[in-house]
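All remarks here apply to the structure that follows.
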Amino acid sequence: MSTTESFPPVSSAQPKIHYLDYIKILLTVLVILHHVCITYGAPGGWYFRQPTTQLAARFGLTLVVATNQSFFMGLFFLLSAYFVEPAYQRKGAPWFVMDRLKRLGIPLVFYSLILSPIMNFLVYRYGQHKRATFWQFLMGYDNWIDPGVLWFVAALLVFTLIYVVLRQRSPLQYAINLPSMRGILLFAIAVGLISFLVRLVFPVGWTIPGLGFQLAYFPQYIALFAVGVLARQNEWLDQLTLRQGKRFGWLALALVGIGFPLLFIVTTTLQLPIGNFNGGWNGQSLLLCLWEQLVGIPICVALLSYSKYHWNGSNPFLNKLTRSAYSTYIFHPLVIIGLSLLVADLPFDPLLKLTLVAPLAVIGSFIIGRLALKVPGASTIL
């Protein structure tokens, strides 16, 4: 099978699998829109928020981010893992580790020490309207270890280093047939049950200080990273059919359009605490964990299948976007914060601001991401 770039990229002179590149673009756009939705009313933590008070809109935004959360970062881990083994074999352990430390570690340091203080100052000065210079702000700043959205990069670095350690002890070669639809659904249920157990101790919203890892979601991330490695070894993506993708797509659509509203209706009708969804020994947490995996994993299969058959041609414009996807991911918080602060005082409902900021954030993030590659030396990292 031909190879493409992972996310973050692994340098390779081999031919590309274009549809995986284009999925990467889609996921990057979804990450940007996800954070814009949180800015204007969806649940979640973000640098600056101006939530709408319209209940129907907040429910819609919650549905969007819940659906996104069910698959987009997990699929990022799967795609990244898909290219770990060939890169390891090509470079050897020492050079592979050095390459990963450069491409993952340097952006982490840059984000934490430079980008994060700038973004927090912008919110402090123009969002909270505190009168202070940037230097005065830095004198009281104590959040220097802050990976922000690059928690994903930190986690990917950890997963990759664990892979290298395990690979030193074993070839990690497993001949496994592509699971059936039933097998994939059982796998999704198992990940959901493990997520439920993890959230008994680490509820949604709890993060590891200094790393930003929300362990509530890590069962899926770990599982799909492993799936990515196995998929490469056993050429699972070659075996996916369009029919499989359609079946999983319809299942996910039904659970999003019917299952999630039912969870909301039951919760409000029985007047159950919304906080139960975050974790604990209760039915709401269990059902949400199962819903997430029975939506997210089928969406991953559907996207991989559909895109293989429909997105695998080369497109010069999309190829340029692919090259800047990693830098776009790194800089998109700065763009969102800048735009949302710029329109913060406009006398409009936040929902209208969302419709303005969302497309501009996507376009602006890719422009900044592209410009970042022109900085001397940046292209060897990003």
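Derivation of every value follows stated rules applied to the coordinates shown; laboratory data play no part. It should be emphasised that the depicted structure is a prediction, and the values quoted were computed from it without experimental measurement. Please note: Cβ atoms are built from the backbone with ideal geometry, for glycine as well, and neighbour counts cover all protein chains shown.
Descriptive notes on the structure:
- The modelled label-to-label distance between residue 265 and residue 126, using points 7 Å beyond Cα along the C-beta direction, is 4.4 nm.
- Peptides ranked, highest mean first, by Cβ atoms within 10 Å: ranges 188-201, 271-284: 188-201, 271-284
- Between residue 118 and residue 370, residue separation times 0.36 nm minus the direct Cα-Cα distance comes to 88.7 nm.
- Proxy reagent accessibility, fewest Cβ within 10 Å first, across 37, 289: 37, 289
- Sorted by Cβ density within 10 Å, fewest first, the residues 98, 119, 73: 98, 119, 73
- Two-decimal Rg/Rh across the range 99-213, once Rg and the Kirkwood Rh are taken from alpha-carbon atoms: 1.13
- Radius 14 Å from Cβ of residue 72, net charge of other residues (Lys, Arg +1; Asp, Glu -1): 0
- Filter on 320/353; 24/308; 102/320 - keep pairs with C-alpha separation over 18 Å: 320/353; 102/320
- The chain: DSSP helices with Cα axial extent of at least 15 Å and average Kyte-Doolittle hydropathy no lower than 0.0: 18-39, 55-82, 151-169, 181-201, 218-234, 283-310, 325-342, 350-372
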